[in-house]
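*Asks:* Take this structure, written in C-alpha cells, and hold onto it; I'll ask about it next.
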Amino acid sequence: MLKLAADTEVVLLDDDGHLRTALCQTFELAGIQVQAQSSADGLLDALSPQWNGVVVSDIRMPGMDGMQLLEELSRLDDQLPVLLITGHGDVPLAVQAMRAGAYDFLQKPFASEQLLDSVRRALDVRQLVLENRQLRMALAEQQQLGERLLGASAAAQRLRQQVQALAPLSADVLILGETGSGKEVVARALHELSPRRNAPFVAINAGALAESVIESELFGHEAGAFTGAQKKRIGKFEYAQGGTIFLDEIESMSPEVQVKLLRLLQERVVERVGSNQLIPLDIRVIAATKEDLLLAADEGRFRADLYYRLNVAQVQIPPLRERRDDILSLFTHFMGQACQKYQIPEPELPALQRAMLLAHDWPGNVRELQNAAERFALGLELAISAPLQPLANNQGLPLPQQVEAFERALIAAELARGHASLRSVAEALQVPRKTLHDKIRKYGLGESPSGGNPPG
C-alpha cells in the first residue's frame, strides 16, 4: 500500500521512467518534496482531504488513466489540485480536462519553469483552501459549543475556550463541578468535538451502580464467573472502544474498583471478571466529581495515585451563582424550550420574578434553573427556595440596605430585558424617568438601554 511521507508536496505519476526521473530532479532542485510512481495504484487510499499537496499525473498510463484518476480524486476532494500532462494533447482533450476539474493541462514537451510555476500556484491555492476549511470548522465548533454551553458571562466564555482547546486531544479529563452544573453536558461536548465523535459515548453514574454489579458493569464478565452469570457480558469500557467513556461521581467507587480502574488507565487494557485475557482498549476517559478528591485522598476515601492519573487535564465548571449574568438568558432559553415542547405561548416574566431569579443562589445550579423555567412556563410558581426573600445574601443587614439591594436587583433585571429606551424601563417599573435615572446612577448600573449614559 502506498504511504505518503509527511512532507510530500507533489505526487508525480508517469509510466515513462526517464521523464519521471527528470521531473523528480526538477522538483527537488526547486526545493519541492516529490514522491513518484509509475501508476495510480494505491493513491486514492493514501490521500486524505487534509493533504497539503498537488497531484501531477500523465493522462496515458496503465491501469487507471489520468482522466479517470481526476474523476476519482474529485469525489475524494473536489478542491485538490490535479495537473494533467500528456504527449498526445489537443484542444478538445484540454477542454475536457479543465471542465472535469483539472487545475492545469500541460502538453509535452514543456519547459521546467512552466511546470514549476503551475505547481507553486497550485500549492498556494491548496494552502488557502485548507486554511479556509480550518477556519470554517473552528467557527462551526464555536457555534456548536455556544449551543451546548450557553451563557455570555466571562466564566461561560472561559469554559467554552477550555473545552474547545481540550476536545481535539487524547488526554483524559477530570471535570469538577457542583451537582446540576452540567458535567455531562461538558463531557459530551468534549466527545462531539473530538476525533472520536463517530465512536460511542458511554455515560456511567458510578454512584447509581450497586456495589455488587459495578465491576461486571464496567469491566464485563465471562459466563460462569459468578452465580447468575449465565453468559458472557461486554463491560462499558470495552463497549466504548474507540470512543469516550464518562464516569460521573467517580468519588463513590469502592477501593477495589479504584485499583482496577487505575490499572486500566495505566495499561489501557481491560480484564473481564472470570477471565485472564487482557483486552487492549483505545478509549478516552472523562471522569467527573462534585467532591475535592485531594481531600478525599487525605481522608483515605480515594486513591491519591488514581486522582493524579485522572487529573491529566482539568475542567472546572463554575456554579451558577458565580455567573449571574447568565441566569436570565438561561431561564428564557429553557422557558422557550418548555413552551415549544408543550406547544404553549411563552409567558411574560415580570420584574419581581426576574429579580428573584437574579438573587437566588441556585444550589442545584443549571438543573434547578431549568426545572424552575419549565414550571414557570406551565403557569406554576417559581420553584426556588425562599421566594419572599430573594436577597438571602443580604440577611442580617439593616432593613434600609436590604431594601436597596432588592431595589437594585429589580432595576438590573428590567435593564437586562433589552428595552429600547430608558422611558420604556421606567414605564415597566412604574417610576418616573428622573427617579429611575437617579437610582441607576446611585447603584452603578451603567449605561441606559439606548446605549449612552442616562440623560440628566
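*Asks:* Take the conditions within 19 Å of A6 (Cα to Cα), charged (D, E, K, R) and in contact (Cβ under 8 Å) with a residue 40 or more places away in the chain and apply them to D45. Does it pass? Before the answer, list the steps.
*Replies:* Values: within 19 Å of A6 (Cα to Cα): yes; charged (D, E, K, R): yes; in contact (Cβ under 8 Å) with a residue 40 or more places away in the chain: yes.
It is true that D45 is within 19 Å of A6 (Cα to Cα), charged (D, E, K, R) and in contact (Cβ under 8 Å) with a residue 40 or more places away in the chain.
*Asks:* State which residue is nearest to R301 (Cα to Cα) when the search covers only the stretch 215-255 and only residues that are small (G, A, S) and in contact with a His (Cβ under 8 Å, 6 or more places away or on another chain). Let's see the steps before the verdict.
*Replies:* Within the stretch 215-255, the subset small (G, A, S) is 216, 220, 223-225, 228-229, 235, 240, 242-243, 252, 254.
Next, only the ones that are in contact with a His (Cβ under 8 Å, 6 or more places away or on another chain) stay: 229, 235, 243.
Numbers: A229: 30, G235: 25, G243: 29 Å.
That would be G235.
*Asks:* Given the options R126, R133, R121, name the one that is at pLDDT 90 or above and surrounded by fewer than 16 Cβ atoms within 10 Å (Cβ to Cβ).
*Replies:* Numbers: R126 fails: surrounded by fewer than 16 Cβ atoms within 10 Å (Cβ to Cβ); R133 fails: at pLDDT 90 or above.
Testing whether each residue is at pLDDT 90 or above and surrounded by fewer than 16 Cβ atoms within 10 Å (Cβ to Cβ) leaves just R121.
*Asks:* Criterion first (part of a loop (DSSP other than H, G, I, E, B), at pLDDT 75 or above and under 30 Å from N371 (Cα atoms)) does L388 satisfy it? Lay out the reasoning, then the answer.
*Replies:* Working: part of a loop (DSSP other than H, G, I, E, B): yes; at pLDDT 75 or above: no; under 30 Å from N371 (Cα atoms): yes.
Answer is no for this residue.
*Asks:* In the stretch 92-113, what count of residues is obtained for those that are part of a helix (DSSP H, G or I), within 45 Å of the chain's Cα centre (by Cα) and over 14 Å from D58 (Cα atoms)?
*Replies:* Going through the stretch 92-113 one residue at a time, the tally reaches 4.
*Asks:* Still on this structure, please answer the following. Going through E374, E407, E368 one at a time, which residue ends up being assigned by TED's automatic domain parsing to the domain that holds H333, modelled with pLDDT under 85 and among the acidic types (D, E)? First the steps, then the outcome.
*Replies:* Details: E374 fails: modelled with pLDDT under 85; E368 fails: modelled with pLDDT under 85.
When all the criteria are applied, what remains is E407.
*Asks:* Among the residues of the stretch 319-341, count how many are modelled with pLDDT of 90 or more and either more than 25 Å from L410 (Cβ to Cβ) or out of contact with any helix residue (DSSP H, G or I) (no Cβ under 9 Å at 6 or more places or on another chain) (or both).
*Replies:* 3
*Asks:* In the stretch 345-376, which residue that is touching a helix residue (DSSP H, G or I) at 6+ places or on another chain (Cβ under 7 Å) and not in a helix (DSSP H, G or I) is nearest to E184 (Cα to Cα)?
*Replies:* W362
*Asks:* Right, here's the next one. Quick test of your reading of the structure: G364 fulfils all but one of (1) surrounded by 15 or more Cβ atoms within 10 Å (Cβ to Cβ); (2) without any contact (Cβ under 8 Å) to a residue 12 or more places away in the chain. Name the failing condition by number.
*Replies:* (2)
*Asks:* Next question. On the given criteria, is L159 over 10 Å from the mean Cα position of the chain (by Cα), of a type in the set (A, V, I, L, M), closer than 30 Å to N371 by Cα and surrounded by 16 or more Cβ atoms within 10 Å (Cβ to Cβ)?
*Replies:* Numbers: over 10 Å from the mean Cα position of the chain (by Cα): yes; of a type in the set (A, V, I, L, M): yes; closer than 30 Å to N371 by Cα: yes; surrounded by 16 or more Cβ atoms within 10 Å (Cβ to Cβ): yes.
Taking the combined requirement at face value, the residue satisfies it.
*Asks:* How many of the residues making up the stretch 186-217 are surrounded by fewer than 20 Cβ atoms within 10 Å (Cβ to Cβ), closer than 27 Å to S254 by Cβ and within 10 Å of the chain's Cα centre (by Cα)?
*Replies:* Qualifying residue count, the stretch 186-217: 1.
Residues checked against (1) without any contact (Cβ under 8 Å) to a residue 60 or more places away in the chain; (2) under 24 Å from the mean Cα position of the chain (by Cα); (3) surrounded by 14 or more Cβ atoms within 10 Å (Cβ to Cβ):
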residue	(1), (2), (3)
V285	no, yes, yes
E291	yes, no, yes
A297	yes, no, yes
G300	yes, no, no
A304	yes, no, no
L310	no, yes, yes
Q314	no, yes, no
P319	no, yes, yes
R323	no, yes, yes
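*Asks:* Can you pull out the residues in the stretch 202-224 that are assigned to a loop (DSSP other than H, G, I, E, B) and in contact with a helix residue (DSSP H, G or I) (Cβ under 8 Å, 6 or more places away or on another chain)? Give the derivation first.
*Replies:* In the first step, residues of the stretch 202-224 are kept if they are assigned to a loop (DSSP other than H, G, I, E, B); the result is 209-213, 220, 222-224.
Answer for the stretch 202-224, where residues must be assigned to a loop (DSSP other than H, G, I, E, B) and in contact with a helix residue (DSSP H, G or I) (Cβ under 8 Å, 6 or more places away or on another chain): L209, G220.
*Asks:* List every residue pair whose Cβ atoms lie under 6 Å apart, where the two residues are 6 or more positions apart in sequence or sit on different chains, the first residue falls within the stretch 261-282 and is on the phi > 0 side of the Ramachandran plot, and the second residue, located anywhere, is assigned to a strand (DSSP E or B) and of a type outside the set (S, T, N, Q).
*Replies:* Cβ pairs passing all conditions: G274/H221.
*Asks:* Give me the pairs: first residue in the stretch 181-201 and in contact (Cβ under 8 Å) with a residue 24 or more places away in the chain and part of a loop (DSSP other than H, G, I, E, B), second residue buried (at least 16 other Cβ atoms within 10 Å of the Cβ) and hydroxyl-bearing (S, T, Y), beta-carbon distance under 8 Å, and six or more apart or on different chains, which are they?
*Replies:* Qualifying pairs under 8 Å: S194/T244; R196/T244; A199/T244; P200/T244.
*Asks:* Also: Sort out which residues of the stretch 163-180 are in a helix (DSSP H, G or I), in contact (Cβ under 8 Å) with a residue 12 or more places away in the chain and closer than 14 Å to V312 by Cβ, and write them in order of number. Break it down stepwise before answering.
*Replies:* First, the residues of the stretch 163-180 that are in a helix (DSSP H, G or I): 163-166.
Those still in the list that are in contact (Cβ under 8 Å) with a residue 12 or more places away in the chain too: 163-164, 166.
Scanning the stretch 163-180 gives a single hit, L166.
*Asks:* List the residue pairs whose Cβ atoms are under 6 Å apart, where the first residue sits in the stretch 329-340 and is within 14 Å of R354 (Cα to Cα), the second is of a type in the set (K, R), and the two are 6 or more positions apart or on different chains.
*Replies:* Cβ pairs passing all conditions: none.
*Asks:* For the stretch 424-435, indicate whether the set of residues that are at pLDDT 80 or above, assigned by TED's automatic domain parsing to the domain that holds D361 and of a type outside the set (D, E) is non-empty.
*Replies:* Taking the stretch 424-435 first, the residues at pLDDT 80 or above are 424-427, 431-435.
Still in the running and assigned by TED's automatic domain parsing to the domain that holds D361: none.
Looking for residues that are at pLDDT 80 or above, assigned by TED's automatic domain parsing to the domain that holds D361 and of a type outside the set (D, E), one finds none in the stretch 424-435, hence no.
The values are calculated or read from the model by the stated rules, or taken from the named source; none is laboratory data. Quick caveat, the model's predicted, so the values are computed rather than measured. Here Cβ is always computed from backbone atoms with ideal geometry, including for glycine, and neighbour counts include all displayed protein chains.
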